[in-house]
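Comments concern the structure below.
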């Protein structure tokens with residue numbers, strides 16, 4: 001019943017977004033035609049009282065059938081072990097993270113919260129409801145009057161990463177709960193992102209930065225998309241400018257460079273992020289998407305191509321890109337990364353961190369990747 005209510009809420013919110021775009025005469029490039037029709041039909045059915053249950057039942061059946069096909073018993077077992085490990089690692093203040101660099105980290109905390117949301121828990125409800133609520137409380141307590149989400153006890157060379165992930169988490173939580181407290185902090189966080197967009201159309205490590213890089217920019221784009229999905233106004237100009245930045249960051253081989261100011265070879269992690277940025281900004285087809293997917297498909301998991309310092313970051317974005325791209329891309333990719341992650345899980349239930357992060361980060365990312373086909377988090381849905 002909780003899941004059904006959450007799906008109805010999602011449909012209702014999505015219809016509102018569709019109406020907003022129509023009212024403001026925006027084209028619907030950000031909504032796929034089939035999904036747009038589904039939203040309109042669902043909206044009409046929801047207004048029809050008893051038909052609401054019928055419409056939502058059909059939606060749930062479709063999602064359940066799709067999830068069961070990919071979310072196998074070994075996958076579920078691995079995720080359950082991973083989530084239990086995370087639950088035991090949460091600090092008393094609700095935060096996650098370990099070591100001098102990642103203790104009380106808002107990005108790590110938000111990703112752990114997202115991993116629990118993907119399992120179907122929401123603040124105060126579900127198996128990990130208490131853990132989600134404590135994570136939300138920590139993020140809300142880390143919100144400054146300016147809207148900046150940053151923990152004073154955490155060390156970070158790029159706090160806008162944390163701000164982006166935390167804003168994304170709050171947007172997903174607000175979409176599921178409609179909490180007034182969450183919305184108030186979410187609106188301020190979004191306002192800070194919009195104000196800190198620089199002349200290049202992107203974002204960098206801090207709100208005051210005058211330059212930009214693709215990695216931080218993608219974090220902000222996903223946060224803005226999630227906020228817009230749950231009814232927060234985002235100017236079309238802001239989206240258009242970041243789309244232009246991402247497109248300019250693409251190399252001829254289909255991959256993406258780190259910054260515009262210098263020529264750089266394409267790398268798998270940021271290239272996966274670049275494709276997801278385009279999807280998040282409403283670009284679902286065209287040469288940039290096709291070339292980006294082509295680049296990613298040359299780096300399938302289990303080929304031992306990439307095991308660098310941003311392995312989990314790259315797989316987090318790559319699996320989203322393939323999920324959005326559809327069956328021809330998705331099935332081969334997910335089966336490969338699923339087997340790679342399951343085989344790499346440690347006896348503790350965690351995943352071994354690489355040199356750029358902590359064990360809570362690597363475990364949360366792995367759990368999110370494996371749970372994508374469950375379709376429980378709106379920002380990951382197709």
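Stretched out fully, how many nm does the piece from residue 208 to residue 92 gain, at 0.36 nm a residue minus the Cα gap? Could you put the intermediate results ahead of the total?
Working: separation 116, 0.36 × 116 = 41.76 nm, distance 3.23 nm.
Net length gain for the segment: 38.5 nm.
If packing is taken as the average number of other Cβ atoms within 10 Å across a peptide's residues, how do 78-89, 112-123, 127-138, 324-335 rank, most packed first?
Details: 78-89: 19.6, 112-123: 25.4, 127-138: 21.6, 324-335: 16.1.
So the order, starting with the most tightly packed, is 112-123, 127-138, 78-89, 324-335.
Taking only C-alpha pairs under 8 Å that are 6+ residues apart, what is the relative contact order of the range 252-340 in percent?
Numbers: 97 pairs, mean separation 27.1, N = 89.
30 percent.
At 0.36 nm per residue, minus the direct Cα-Cα distance, what do residue 146 and residue 262 gain on full extension? Give it in nm, one decimal, please. Present the calculation step by step, with values, prior to reporting the outcome.
Values: separation 116, 0.36 × 116 = 41.76 nm, distance 3.23 nm.
Working it through step by step, the gained length comes to 38.5 nm.
At 7 Å along the Cα-to-beta-carbon direction for both residue 290 and residue 253, put a label point, then send me their distance in nm to one decimal.
Going by the 7 Å Cα→Cβ label model, 2.1 nm.
Each value in this text was obtained by applying a stated rule to the coordinates, not by laboratory testing. Just so it is clear, the structure is predicted and the values come from calculations on it, not from any experiment. Cβ: placed from backbone, ideal geometry, glycine included. Neighbour counts: every protein chain shown.
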